[in-house]
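The values are calculated or read from the model by the stated rules, or taken from the named source; none is laboratory data. The model shown is predicted, which means the values in this text are computed figures rather than measured ones. Here Cβ is always computed from backbone atoms with ideal geometry, including for glycine, and neighbour counts include all displayed protein chains. Note: areas computed on protein heavy atoms with side chains; ligands, DNA, RNA excluded. Shrake-Rupley method; radii C 1.70, N 1.55, O 1.52, S 1.80 Å.
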Amino acid sequence: MVVEVVRSGFVESRHQARVLTVDAEGRPVETRGAVHVPASPRSSMKPLQALGMLRAGLRLEDELLALACASHSGEPFHVDGVRKILAGAGLEEPALLCPEDYPADRTVTERGRVYMNCSGKHAAMLATCVLNDWPLTTYLEPAHPLQRAIRETVEDLTGERIAASGVDGCGAPLFFVSMLGVVKAFRSFPMSSEDSYERKIFEAMRTYPEWTSGTDRPEAKLMRALPGLMLKAGAEAFDAFAFEDGRAGTIKIEDGSQRARVPVTVAALRSLGLDAPELAELAVPPVLGGGRPVGELRIR
């Protein structure tokens, strides 16, 4: 799939995208590019990481569970939630091993580990370690019991052996799997039984979309527009989603361009018949010149 950036009638740039969508029965609907080769889902794997933690004994509910799956904007309610997870485990902010950062919410000017977008996941990781009496200072090491449990969960849900591993931007282990495996994993969340951990994560994310990203983020807008949708974005322009009836998909912009990510995700959703009026603006973001629209992004 190709995304063209059109400025004043001239095609200025092009972005290529890999796309895979499947229907409610898991049958392919849209397949573009090498969806069978290893990819780097980045933060799109957070629901799987959270599932590994629930399987290891973590007990979080509702918005705090959504926050454990989040790449949050560092808004005040996000930061308060991270502190609640830590306090529930008898810990304070210095226990976090994610990097210090400024929040994506530019109305907040403070900097620290708790503002880093992955701090909800890290707080949940620490809480899981406390419950299991696992070491806290090495919880990001691949050989740590927590990370071994998460790795087993990723392989279980994707149905694949992890092709390679690395280090994510937050310092946690990063697992490379195919887009086919990611779609299989995401389908398992809505398709699992009502009392399963998978379904618990699905319900938390779709019920509290602002907690998984931010109040004005595209991911939250998409989930609000399509209430049966669970969607998680990852760095370098990766998205994965699943709908309540089993329709699912994933996209990867080859050059990592974030500006192409949301339009391609909207196209992927529409390939499955998932649409709403609110998606129109996200599908064709304007190209600006002098502060006014002079072009658009379009998909070929």
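Which of (1) more than 18 Å from the chain's Cα centre (by Cα); (2) buried (at least 18 other Cβ atoms within 10 Å of the Cβ) is the odd one out, the single condition VAL266 does not satisfy?
(1)
If you go through segment 4-58, how many residues are open to solvent by less than 80 Å² (accessible area, probe 1.4 Å) and in a helix (DSSP H, G or I)?
Count: 13.
Which count do you get for residues in segment 161-183 that are closer than 22 Å to PHE243 by Cα and out of contact with any Ser or Thr (no Cβ under 6 Å at 6 or more places or on another chain)? Break it down into steps so the answer makes sense when it comes.
Within segment 161-183, the subset closer than 22 Å to PHE243 by Cα is 177-183.
From what's left, out of contact with any Ser or Thr (no Cβ under 6 Å at 6 or more places or on another chain): 178, 180.
Of the residues in that region, 2 qualify.
Could you please give the count of residues in segment 176-208 that are touching a Gly at 6+ places or on another chain (Cβ under 8 Å), of a type in the set (A, V, I, L, M, F, W, C) and open to solvent by 10 Å² or more (accessible area, probe 1.4 Å)?
Residues in segment 176-208 being touching a Gly at 6+ places or on another chain (Cβ under 8 Å), of a type in the set (A, V, I, L, M, F, W, C) and open to solvent by 10 Å² or more (accessible area, probe 1.4 Å): 2 in total.
Please find, within segment 103-125, the residue that is least open to solvent (accessible area, probe 1.4 Å) out of those that are polar (S, T, N, Q) and within 18 Å of the chain's Cα centre (by Cα). Give the derivation first.
Applying the first criterion (polar (S, T, N, Q)) to segment 103-125 yields 107, 109, 117, 119.
Within this subset, residues satisfying the condition of being within 18 Å of the chain's Cα centre (by Cα) are 117, 119.
On the way: ASN117: 49, SER119: 0 Å².
This residue is SER119.
List, please: which pairs have Cβ atoms under 7 Å, are six or more places apart or on different chains, and start with a residue in segment 130-152 that is within 22 Å of GLY90 (Cα to Cα) and end with one that is open to solvent by 60 Å² or more (accessible area, probe 1.4 Å) and of a type in the set (Gly, Ala, Ser)?
VAL130/GLY90
Which pairs turn up if I take residues in segment 31-59 that are on the phi > 0 side of the Ramachandran plot and look for partners that are among the charged types (D, E, K, R) and open to solvent by 40 Å² or more (accessible area, probe 1.4 Å) with beta carbon separation below 7 Å, at least 6 apart in sequence or on another chain?
As it stands, the answer is ARG42/GLU236, since those pairs meet every condition given.
For ARG224, which of the numbered conditions (1) of a type outside the set (A, V, I, L, M); (2) touching a Pro at 6+ places or on another chain (Cβ under 9 Å); (3) surrounded by 23 or more Cβ atoms within 10 Å (Cβ to Cβ) fails to hold?
All conditions are met except number (3).
Return a yes/no flag: does segment 146-159 have any residue that is at positive phi and touching a helix residue (DSSP H, G or I) at 6+ places or on another chain (Cβ under 7 Å).
Kept after step one, since they are at positive phi, are these residues of segment 146-159: 159.
Next, only the ones that are touching a helix residue (DSSP H, G or I) at 6+ places or on another chain (Cβ under 7 Å) stay: 159.
Yes, segment 146-159 contains a residue that is at positive phi and touching a helix residue (DSSP H, G or I) at 6+ places or on another chain (Cβ under 7 Å).
Let's see how each residue does on (1) surrounded by fewer than 18 Cβ atoms within 10 Å (Cβ to Cβ); (2) of a type in the set (S, T, N, Q); (3) under 18 Å from the mean Cα position of the chain (by Cα); (4) modelled with pLDDT under 95:
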{"residue": "LEU86", "(1), (2), (3), (4)": "no, no, no, no"}
{"residue": "LEU91", "(1), (2), (3), (4)": "no, no, no, no"}
{"residue": "CYS98", "(1), (2), (3), (4)": "no, no, yes, no"}
{"residue": "ASP101", "(1), (2), (3), (4)": "no, no, no, yes"}
{"residue": "ALA127", "(1), (2), (3), (4)": "no, no, no, no"}
{"residue": "LEU146", "(1), (2), (3), (4)": "no, no, no, no"}
{"residue": "ASP156", "(1), (2), (3), (4)": "yes, no, no, no"}
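Can you name the residue in segment 132-144 that is of a type in the set (A, V, I, L, M) and out of contact with any strand residue (DSSP E or B) (no Cβ under 8 Å at 6 or more places or on another chain) and, of all such residues, is surrounded by the most Cβ atoms within 10 Å (Cβ to Cβ)? Write out each step before concluding.
Going through segment 132-144, the residues of a type in the set (A, V, I, L, M) turn out to be 136, 140, 143.
Imposing the further condition that a residue be out of contact with any strand residue (DSSP E or B) (no Cβ under 8 Å at 6 or more places or on another chain) reduces the set to 136, 143.
Working: LEU136: 16, ALA143: 8.
So the residue we want is LEU136.
For VAL167, all conditions in the list (1) closer than 25 Å to ALA34 by Cβ; (2) open to solvent by 60 Å² or more (accessible area, probe 1.4 Å); (3) touching a residue at least 12 places away in the same chain (Cβ under 8 Å) hold save one; what is the number of the exception?
Against the list (1) closer than 25 Å to ALA34 by Cβ; (2) open to solvent by 60 Å² or more (accessible area, probe 1.4 Å); (3) touching a residue at least 12 places away in the same chain (Cβ under 8 Å), VAL167 comes up short only on (3).
Are any of the residues in segment 59-76 open to solvent by less than 60 Å² (accessible area, probe 1.4 Å) and touching a strand residue (DSSP E or B) at 6+ places or on another chain (Cβ under 7 Å)?
Yes, because at least one residue in segment 59-76 is open to solvent by less than 60 Å² (accessible area, probe 1.4 Å) and touching a strand residue (DSSP E or B) at 6+ places or on another chain (Cβ under 7 Å).
Listed residues GLU296, GLU244, GLU278; which is of a type in the set (Asp, Glu), closer than 27 Å to ALA39 by Cα and open to solvent by 10 Å² or more (accessible area, probe 1.4 Å)? Don't jump to the end; show me each part of the working.
Values: GLU296 fails: closer than 27 Å to ALA39 by Cα; GLU278 fails: closer than 27 Å to ALA39 by Cα.
Just one listed residue meets the conditions, GLU244.
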